[in-house]
Amino acid sequence: MSEHALIVRNLTKSYGSVRAVDGISFAIRRGAIFCLVGPNGAGKTTTMEMIEGLKQPDSGEIVLLDMRLPQELGRAKQMIGVQLQTTGLFERLTAGELVNLFRSFYARPVPAADVLKAVSLETKSDQLVSQLSGGQQQRLAVALALVNDPELLFLDEPTAGLDPQARREVWRLIQSMKQREKTVFMTTHYMDEAEKLSDEVAIIDYGKIIAHDAPRNLVAGLNKANVIEFSTDSDVTDNQFSGLRSVSAATVLNKNVVLYTTDVKECLVDVLNLSQSLSFEIKDMQFRNPSLEDVFIELTGRMLRE
Ligand code: ATP
């Protein structure tokens, strides 16, 4: 048995002239939580759907749980769980009926009650799917991916649109998969979520993987001790800040300034002097440690949500 649950080599997919996935290669260790992060349109869903067998790659190799795709897709499907988008759920069924429908696709399904309990919906078995809240429907979609007790679970933006409590519940579920030595492949555009949950993060941008490592290694690789963030009342530019001696890098977007520095005190003095000479106000100043979001900014020169 390979130490990797998934190996992808030179995977490519274009839609017309758009190269959605541009020759990516990566591997996921068995038992790891792997997170593919990137901005809208970066190629996350296309990548995941090719691996799930839902989309045909133009070229590349996929080895899923030691099975080659597409040749062994039928067998592989028995061992993976795929979360569907909630808009695709059958709204006229109850949560329990829907779980049982999905259980019927597998030879040895998990009891329906266990599946619903795993996502804290055990009291909602008799409720129509249409009467569940958005967050409950999202959790039900995750539950449907668990009916065959999969070795590898695919979750595409599993917490998109969830309130903080529902988000934490999905996080707990993902962590419980890891405790049971299962592998999780998820996408998200919440960097904090990727940083908190995953053993490994791959950052994808314009169809290419631009970084892949443990989140703490990616952040440590920045070699920037502190971040100072604030907004201004007038237009300022990156260059005005990156010229300061105390600033190692600067990004300005929509009057929001992010500065990296190894000397906070000197940086503050420099910024205050600049605000006087250029006559801008400083609002909502914050100090923080660098995060995965900063890794993205460093690599691309853009913020994740521009
Ligand atoms: P999001 O975070 O918005 O879901 P994503 O990273 O999952 O984005 P994809 O959905 O994989 O990105 O899309 C990658 C690129 O391919 C985008 O430019 C998108 O517009 C394009 N694309 C995706 N699906 C199709 C399709 N069926 N036909 C044409 N273009 C597509």
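Filter region 268-284 for residues that are within 30 Å of residue 210 (Cβ to Cβ) and open to solvent by less than 100 Å² (accessible area, probe 1.4 Å) and give the result.
271
Got a sec? Which of 126, 205, 199 is out of contact with any Lys or Arg (no Cβ under 8 Å at 6 or more places or on another chain) and either without any contact (Cβ under 8 Å) to a residue 60 or more places away in the chain or away from the ligand (no atom under 15 Å from the Cβ) (or both)?
Values: 205 fails: either without any contact (Cβ under 8 Å) to a residue 60 or more places away in the chain or away from the ligand (no atom under 15 Å from the Cβ) (or both); 199 fails: out of contact with any Lys or Arg (no Cβ under 8 Å at 6 or more places or on another chain).
Criteria check complete, one pass: 126.
Check 44, 77 and return the single one that is within 18 Å of residue 141 (Cβ to Cβ), in contact with a Ser or Thr (Cβ under 9 Å, 6 or more places away or on another chain) and basic (Lys, Arg).
Within the list 44, 77, the selection yields 44.
Only one of these conditions is not met by residue 21: (1) within 12 Å of the ligand (Cβ to nearest atom); (2) under 27 Å from residue 196 (Cα atoms); (3) without any contact (Cβ under 8 Å) to a residue 24 or more places away in the chain. Which number is it?
Every listed condition holds for residue 21 apart from (3).
Can you tell me which of (1) open to solvent by 20 Å² or more (accessible area, probe 1.4 Å); (2) in a loop (DSSP other than H, G, I, E, B) is the one residue 137 doesn't meet?
(2)
Residues in region 276-289: is at least one under 30 Å from residue 206 (Cα atoms) and either of a type in the set (D, E, K, R) or not in a helix (DSSP H, G or I) (or both)?
Checking region 276-289: at least one residue is under 30 Å from residue 206 (Cα atoms) and either of a type in the set (D, E, K, R) or not in a helix (DSSP H, G or I) (or both).
Checking residue 55 against (1) touching a Ser or Thr at 6+ places or on another chain (Cβ under 7 Å); (2) modelled with pLDDT of 95 or more, which single condition isn't satisfied?
Only one criterion in (1) touching a Ser or Thr at 6+ places or on another chain (Cβ under 7 Å); (2) modelled with pLDDT of 95 or more is unmet by residue 55, namely (2).
With the structure loaded, tell me whether residue 160 is within 16 Å of the ligand (Cβ to nearest atom) and open to solvent by less than 40 Å² (accessible area, probe 1.4 Å) or whether it fails that test.
No, not satisfied.
For region 1-43, name all the residues that are among the β-branched types (Val, Ile, Thr), under 27 Å from residue 149 (Cα atoms) and either at pLDDT below 95 or in contact with a Lys or Arg (Cβ under 8 Å, 6 or more places away or on another chain) (or both). Before you say what the answer is, go through the steps one by one.
Applying the first criterion (among the β-branched types (Val, Ile, Thr)) to region 1-43 yields 7-8, 12, 18, 21, 24, 28, 33, 37.
Next, only the ones that are under 27 Å from residue 149 (Cα atoms) stay: 7-8, 28, 33, 37.
Those that are among the β-branched types (Val, Ile, Thr), under 27 Å from residue 149 (Cα atoms) and either at pLDDT below 95 or in contact with a Lys or Arg (Cβ under 8 Å, 6 or more places away or on another chain) (or both): 33, 37.
Criterion first (under 30 Å from residue 295 (Cα atoms) and without any contact (Cβ under 8 Å) to a residue 24 or more places away in the chain) does residue 41 satisfy it?
It is true that residue 41 is under 30 Å from residue 295 (Cα atoms) and without any contact (Cβ under 8 Å) to a residue 24 or more places away in the chain.
List pairs: first in region 96-117 and of a type in the set (Ser, Thr, Tyr), second not in a helix (DSSP H, G or I), Cβ under 6 Å, 6+ apart or cross-chain?
Filtered contacts from region 96-117: 106/148.
What strands (runs of 3 or more DSSP E) completely inside region 152-269 contain at least 3 residues that are over 24 Å from the mean Cα position of the chain (by Cα)?
226-232, 249-253, 256-261
The values are calculated or read from the model by the stated rules, or taken from the named source; none is laboratory data. Computed from a predicted structure; not experimentally measured. Using ideal geometry, Cβ is built from the backbone for each residue, glycine included, and neighbour counts are taken over all protein chains shown. Ligands, DNA and RNA are excluded from the accessible area calculation, which covers all protein heavy atoms including side chains. Shrake-Rupley method; radii C 1.70, N 1.55, O 1.52, S 1.80 Å.
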